Amino acid sequence: MRSLVTIGVYEFDRETFLAALREHDVGLLIDVRQRRGVRGARYAWANVRRLQRALEEAGIAYSHHRELAPTTALRRLQYAADHRRGEGKRSRTLLDAQYAAGYTREILDCAELDALVAELPSDRPAALLCVEADPQACHRSLIAARLQERHGVDVAHVRPAQRAPATSSSRSPSGSSRYAA
C-alpha cells in the first residue's frame, strides 16, 4: 500500500523539517503550493531553490504539482473567512466550508490524481507540502483525504510538536514520532 504524510512549513525550521521527513522515511516531497516561496527570513529555507537543495542533500526527491494549488480567487475567499474569525494565514486553525467546497469543485474534482498516485514511491512514504502548520487549515488535507478515499493511500499528518492537537485520529506510519502525527 502506498503511503503519504502531509506537512506544512510554519512552525518548523530547516533542521526540524528535514528531521521530520527523515523520521517518516519520506522518499518524495510533493509541493502543492502555487507560489513556491514563503515570506520572511524565518522561512527562507522553504523557498523552492533552497528547499530543493536541502532535499537533495537529504536524499529526498522533489516534485511540484501546481495544478493542485488553490487559485488566487479561492485563496482570497479563505483570507476573507480568516479575517471574519480573527485569524491569519499563519495562525489559521481550519478551512472555511465555502473554500473547501470551491477547492473540491474547481481543483480536486478536475485533477488527474491517478498520475499523482503512480508517482508515489512504493517502498517509502511521500509527503504533501504546503505552508500551514495544521493540516485541517490547509488544502493538503483535502488532497490527502481524496487520495485515501479513492486510491487507498495510507495517510498521516505531521505537525510541529508544539502545534499538536489534544486528540488526533491520524497516526504516524512508523507508529511513534517526536513530531505530532
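The values are calculated or read from the model by the stated rules, or taken from the named source; none is laboratory data. Since we're looking at a predicted model, the values are computed, not measured. Here Cβ is always computed from backbone atoms with ideal geometry, including for glycine, and neighbour counts include all displayed protein chains.
Based on what the data block shows, is TYR43 in a helix (DSSP H, G or I), hydroxyl-bearing (Ser, Thr, Tyr) and either within 14 Å of the chain's Cα centre (by Cα) or surrounded by 15 or more Cβ atoms within 10 Å (Cβ to Cβ) (or both)? Yes; evaluated as a whole, the condition is true for this residue. Among the numbered conditions (1) of a type in the set (D, E, K, R); (2) over 14 Å from the mean Cα position of the chain (by Cα); (3) at pLDDT 95 or above, the only one that ARG146 does not meet is (2). The set of residues in the stretch 50-107 that are aliphatic (A, V, I, L, M), assigned to a loop (DSSP other than H, G, I, E, B) and touching a helix residue (DSSP H, G or I) at 6+ places or on another chain (Cβ under 7 Å) comprises ILE60, LEU94, LEU95, ILE107.
In summary, SER141 fulfils each of the numbered conditions (1) at pLDDT 95 or above; (2) not in a helix (DSSP H, G or I) with the single exception of condition (2). For THR167, the conditions (1) under 23 Å from ALA46 (Cα atoms); (2) β-branched (Val, Ile, Thr); (3) at pLDDT below 95 all hold with the exception of (1).
Answer yes or no as to whether ARG146 is without any contact (Cβ under 8 Å) to a residue 60 or more places away in the chain, of a type in the set (Lys, Arg), surrounded by 16 or more Cβ atoms within 10 Å (Cβ to Cβ) and not in a helix (DSSP H, G or I). No: the conditions fail for ARG146. Looking only at residues in the stretch 149-164 that are surrounded by fewer than 19 Cβ atoms within 10 Å (Cβ to Cβ) and closer than 25 Å to ASP82 by Cα, the one that is modelled with the highest pLDDT is ALA161.
Only one of the numbered conditions (1) in a strand (DSSP E or B); (2) touching a helix residue (DSSP H, G or I) at 6+ places or on another chain (Cβ under 7 Å); (3) not basic (Lys, Arg) is not met by VAL5, and that is (2). Put simply, of ASP25, ASP31, ASP114 the only residue that is of a type in the set (Asp, Glu) and surrounded by fewer than 12 Cβ atoms within 10 Å (Cβ to Cβ) is ASP114. Tallying residues that are touching a strand residue (DSSP E or B) at 6+ places or on another chain (Cβ under 9 Å) and farther than 24 Å from THR71 by Cα within the stretch 127-163 yields 10. Every condition in (1) touching a strand residue (DSSP E or B) at 6+ places or on another chain (Cβ under 9 Å); (2) of a type outside the set (Asp, Glu); (3) surrounded by fewer than 18 Cβ atoms within 10 Å (Cβ to Cβ); (4) part of a loop (DSSP other than H, G, I, E, B) holds for GLY37 except the one numbered (1).
Of the residues making up the stretch 89-104, none is free of Cβ contacts under 8 Å to residues at least 12 places away in the same chain and surrounded by 15 or more Cβ atoms within 10 Å (Cβ to Cβ).
Restrict the check to the stretch 55-63 and report whether at least one residue is under 23 Å from ALA156 (Cα atoms), at pLDDT 95 or above and under 14 Å from the mean Cα position of the chain (by Cα). So far as the stretch 55-63 goes, yes, one or more of its residues are under 23 Å from ALA156 (Cα atoms), at pLDDT 95 or above and under 14 Å from the mean Cα position of the chain (by Cα).
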